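Structure record follows, encoded as structure tokens.
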Amino acid sequence: MPTSQATDIFRASLFKTEEFTITFELVPGRGSGGKRLDDILTFAEEARKDGRIKALSITDNPGGHPALAPTSLGIDIQSLGIEPLIHFSLKDKNRNMAESQLFECHRHGLLNLLVLSGDYPRYGFHGQAKPVFDLDSPQLLTLIERLRQTLSLEKMAPGGVMPLPAMDFLAGCVVSPFKTTKAEQVFQYAKLLTKVCAGAHFVISQLGFDMSKYQELLLFCRQNTITLPLLASVFIPSIKVAEIMGQGKVPGILFPESLVRRIRQEATSQDKGEEARLLRGARMVAGLKDMGYAGVHLGGNNLDFSKIAFLLDQAEHFTKTANLQELRQEVNFPTPSTWYLFPKSEQQDLPQRPSVLFRINQRVHDSTFRPEGLIFPLARAICLQADQNKQARSLYTFCEHLIKTLLFRCRMCGDCTLAESSYHCPQSGCPKRMINGPCGGSLHGFCEVYPQERLCFWVKVYQSNPPHHTGDLPNCPPLPPKDWSLQGTSSWLNYFAGRDHNKLDSEPK
Ligand code: SF4
């Protein structure tokens, strides 16, 4: 069991304002050993000796493919004397498994976590794996925050009355400023506010190459008094990975065509463009440090530690000698038609007002389900009456199912959040069933799971009711996880009887 955080150089560095924190992302592949893992451990050993990298982050089944669990590699890395940062994604584990793995992490002293929804699960044993997404990232952050306090579990859980000792986790979250459409970007920032509200301790950006967008994220955080340490991702791709990312094949990654062309051109040199790619990374590090980031999160493929040491040496050199404004321009690769928050650009194709359908739905909803609504007292009295009788409950459930399936493609989860997503059902509309805002996987407005085919669910939400301000959007606190014991029951009855997330007082007044 962890006893002291004295050796946690990552935490110490992250919260020292004068320090620039550097982390590096490791990607364990499929399997439990072999050259790839040997190379990773060699990298970790050399990074520890060098001392500039303060944590090595370990991905959790990246791309939705099976790989060695990050906790396993985390234990090895920790034993080498360097701090692991465990990616904790939610695609493959339900809430109980998540809690169980948090206990496991704590047991092994793996206290630094990076919380993410995770990529949609892809192939595995005998085909595509079933996606879980029982919790989303704000909900997991909420659970971690409860574990950080002395947690006493729900009464129904075994041992529920027994308080657990506080677990000193440090939990980071991720945000992407690299969305090209306003609808995606506005919701990315709104979800960041939700994650901060849920207890995130630091923020790491998605990787990107548009310097104005890196700046935008900093400004957004300042404007919204987010004072958490903010790390910018700097990615050094091989030419092959650049080509793949350029084709939009990696969820949520916007890799500009102009940069793919540049990398192809550089690859004609004797070293296949390797030095040019490392120098670009070094310029980005120096430029982002100058911009005001608290650190950088490095990543890339085919990189042994000597290459990263070269990059860091060069970054230090640029910081001391280069004109950093000009340097930022040299590594700036914007994507045409991108929406920017500062200065605000408008996208003409987006609606400015709520749709007619939204307004009708809202009027019906508010008059029925808001305590001040016209029909509320009657609806409540009928529902509470019906709730007493098995046959009436069945009839009520049947009617609700019929109406809401036709109108909203409802899945009868029994805990309705239609009103929180502009009367679109996340249970049928979003493959990851995100109820607190989008995942980071969309690209050019399209869903990660159906690229170029289906708009991201949250883009549709935006289109139905465009918010006036990002601050109008975040759920704070986030909507809690669904109680799946309500699946198949009437959400109307559950609402009035105080069984759903609203926990309305069930006693008639
Ligand atoms: S609909 Fe949007 S939030 Fe849902 S999985 Fe697709 S990209 Fe992610």
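The values are calculated or read from the model by the stated rules, or taken from the named source; none is laboratory data. Since we're looking at a predicted model, the values are computed, not measured. Note that each Cβ is placed from the backbone with ideal geometry, even for glycine, and that neighbours are counted across all protein chains shown.
Looking across F24, F88, F20, F10, one residue alone is closer than 30 Å to W484 by Cα, under 27 Å from the mean Cα position of the chain (by Cα) and aromatic (F, W, Y). It is F88. Cβ separations smaller than 6 Å between residues 6+ apart or across chains give the following pairs from the stretch 87-102 residues that are under 19 Å from Q149 (Cβ atoms) to residues that are among the acidic types (D, E): R95/D134. Counting only residues that are β-branched (V, I, T) and assigned to a helix (DSSP H, G or I), which one in the stretch 394-430 is nearest to the ligand (Cβ to nearest atom)? Per the criteria, the residue is T405. Within the stretch 122-146, being surrounded by 20 or more Cβ atoms within 10 Å (Cβ to Cβ) and part of a loop (DSSP other than H, G, I, E, B) holds for F133, L135, D136. Filtered by the rule that a residue be more than 7 Å from the ligand (Cβ to nearest atom), of a type outside the set (F, W, Y) and either over 17 Å from the mean Cα position of the chain (by Cα) or in a loop (DSSP other than H, G, I, E, B) (or both), the stretch 443-453 gives H444, G445, P451, Q452, E453. Here the helices (runs of 4 or more DSSP H) wholly within the stretch 277-393 that include at least 1 residues being hydroxyl-bearing (S, T, Y) and modelled with pLDDT of 95 or more are 305-321, 356-369. Scan the stretch 288-295 and give yes if some residue there is farther than 28 Å from L14 by Cα and among the small types (G, A, S), otherwise no. No, the conditions are met nowhere in the stretch 288-295. Taking the stretch 46-61 as the range and being over 20 Å from L170 (Cβ atoms) and crowded, with 18+ Cβ neighbours inside 10 Å as the test, only N61 passes. Pairing each residue of the stretch 433-450 that is free of Cβ contacts under 8 Å to residues at least 60 places away in the same chain with any residue that is more than 7 Å from the ligand (Cβ to nearest atom) and among the β-branched types (V, I, T), provided the two are 6+ apart or on different chains, yields C-beta distances under 9 Å for F446/V459; C447/V459. Of the numbered criteria (1) crowded, with 18+ Cβ neighbours inside 10 Å; (2) over 19 Å from the mean Cα position of the chain (by Cα), the one K240 fails is (1).
Does the stretch 195-238 hold any residues that are part of a loop (DSSP other than H, G, I, E, B) and touching a Gly at 6+ places or on another chain (Cβ under 8 Å), and which are they? Correct list: A200, H201, N224, P229, P237, S238. Output yes when any residue across the stretch 147-161 is among the charged types (D, E, K, R) and buried (at least 20 other Cβ atoms within 10 Å of the Cβ), and no when none is. So far as the stretch 147-161 goes, no, none of its residues is among the charged types (D, E, K, R) and buried (at least 20 other Cβ atoms within 10 Å of the Cβ). Looking only at residues in the stretch 431-442 that are of a type in the set (A, V, I, L, M, F, W, C) and near the ligand (Cβ under 9 Å from one of its atoms), the one that is nearest to the chain's Cα centre (by Cα) is C439.
Could you list all residues from the stretch 241-256 that are touching a residue at least 24 places away in the same chain (Cβ under 8 Å) and either assigned by TED's automatic domain parsing to the domain that holds V174 or assigned to a helix (DSSP H, G or I) (or both)? Result: V241, single match.
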